[in-house]
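*Asks:* Before I ask anything, here is the structure I am working with.
The values are calculated or read from the model by the stated rules, or taken from the named source; none is laboratory data. None of these values were measured; they are calculated from a predicted model. These area figures cover heavy atoms from the full protein model, side chains too; ligands, DNA and RNA do not enter into them. Shrake-Rupley method; radii C 1.70, N 1.55, O 1.52, S 1.80 Å.
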Amino acid sequence: GGGGTFYLIGRLNGESVEIKLDTLKIRPDLLIDGEINISKFPFSDIAKILENKLPTFAGDLNLEGRVNFSTSEEQGSKFSYKGTFGIGTLDIGSENFNAKVKGSKWLGDIEAHIPGNGPIEFETDGVLKTEECAFQFPQLSIVNEINFFIFSGKNKVVAGKDTLLKSDGAFQFEGVDFITPEIKAGLQSFSWEGNAEFKKPDDGKKQSVSLD
């Protein structure tokens, strides 16, 4: 029960919306799967769903692709998206990290898992171009600001008691500032192709960075 299909053409906050959901299930668990085309979507509409795990979640995007979203008591919330989107602005974070983005375009796949208990997991596979972005890790007093970058490849982020960032692909940065309590460094341009990994364990051990 509680299943069906859904088709809508209209406007959201004055912006055009076209949604065709092949699967729409509300009970006993929420399941949404289908195609979506939104010229501008404010994150404030879903921020309350994520506030326990992501207290900061604001901004807006436009998108055209296929989305799947499900939530249940056993598995928590799962989200996947295949297609294109552009970000006007994005401010996302928790006590462990914060990311701010302006003027970004994406083509590829995105997956997220927010369990009832356990770490949040994000995975991406595609091409991303961004005009401005900044990443902060407050507990480590690390700030990384970038004027422009393009990335092609795969990323994985695990945010919980332990923090893990893994990347396999090619980067190109311009106008990079890296700031810690000990150093302040800047680069006019930088490119990288390969594997990178950052770990911050919760057992008192030091964080680690590896490049391959």
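*Asks:* Under the classification rounded if a/c is under 1.5, otherwise prolate if a/b is larger than b/c and oblate if not, where does the range 105-166 fall, given a ≥ b ≥ c as square roots of the Cα gyration tensor eigenvalues? Don't skip to the answer; put the middle values down first.
*Replies:* Details: a/c = 2.68, a/b = 1.19, b/c = 2.25.
It comes out oblate by the Cα gyration axes.
*Asks:* Which of Lys102, Lys48, Lys40 ends up with the largest GNM mean-square fluctuation for the chain, with Cα atoms connected below 10 Å?
*Replies:* Most flexible of the set in this elastic network: Lys48.
*Asks:* Report the extension gain between Arg27 and Glu123 in nm, rounded to one decimal, defined as 0.36 nm multiplied by the number of residues separating them, less their alpha carbon distance. Could the numbers behind the result be given before it?
*Replies:* Values: separation 96, 0.36 × 96 = 34.56 nm, distance 2.75 nm.
Residue separation times 0.36 nm, minus the Cα-Cα distance, leaves 31.8 nm.
*Asks:* Return the carbon/sulfur percentage of the accessible area of the chain, one whole number, probe 1.4 Å, all protein chains in place. Let's see the in-between values first.
*Replies:* On the way: 6740 of 12990 Å².
Percent of accessible area from carbon and sulfur atoms in the chain: 52.
*Asks:* Another question, if that's okay. Determine the shape class of the range 1-129: with a ≥ b ≥ c the square roots of the Cα gyration tensor eigenvalues, call it rounded for a/c under 1.5, and otherwise prolate if a/b is greater than b/c, oblate otherwise.
*Replies:* Values: a/c = 1.60, a/b = 1.06, b/c = 1.50.
Because a/c hits 1.5 or more and a/b fails to exceed b/c, the range 1-129 counts as oblate.
*Asks:* Looking at the square roots a ≥ b ≥ c of the eigenvalues of the Cα gyration tensor of the range 69-173, which shape do they give, rounded for a/c under 1.5, prolate if a/b is larger than b/c, or oblate? The partial results should precede the final answer.
*Replies:* Numbers: a/c = 1.83, a/b = 1.24, b/c = 1.48.
Cα axes put the range 69-173 in the oblate bin.
*Asks:* Where does the chain land at 222 nm, in deg cm²/dmol rounded to the nearest 500, when only DSSP H runs of n ≥ 4 count, each adding -39500 (n - 2.57), divided by all residues? Mind dumping the intermediate values first?
*Replies:* Details: 1 runs with 4 residues, N = 212.
Using -39500 (n - 2.57) per qualifying helix, the result is -500 deg cm²/dmol.
*Asks:* In addition: Between Glu18, Glu182, Glu123, which gets the highest mean-square fluctuation from a Gaussian network model of the chain, Cα cutoff 10 Å?
*Replies:* Taking springs between Cα atoms under 10 Å, the residue moving most is Glu182.
*Asks:* Given a 1.4 angstrom probe, what's the average accessible area per residue across the chain, in square angstrom? Don't skip to the answer; put the middle values down first.
*Replies:* Numbers: 12990 Å² over 212 residues.
Value returned for the chain: 61 Å² of accessible area per residue.
*Asks:* Moving on. Could you work out which residue, out of Glu51, Glu174, Glu111, moves most in a Gaussian network model of the chain, that is, has the largest mean-square fluctuation with Cα springs under 10 Å?
*Replies:* Of the options given, Glu51 has the highest mean-square fluctuation.
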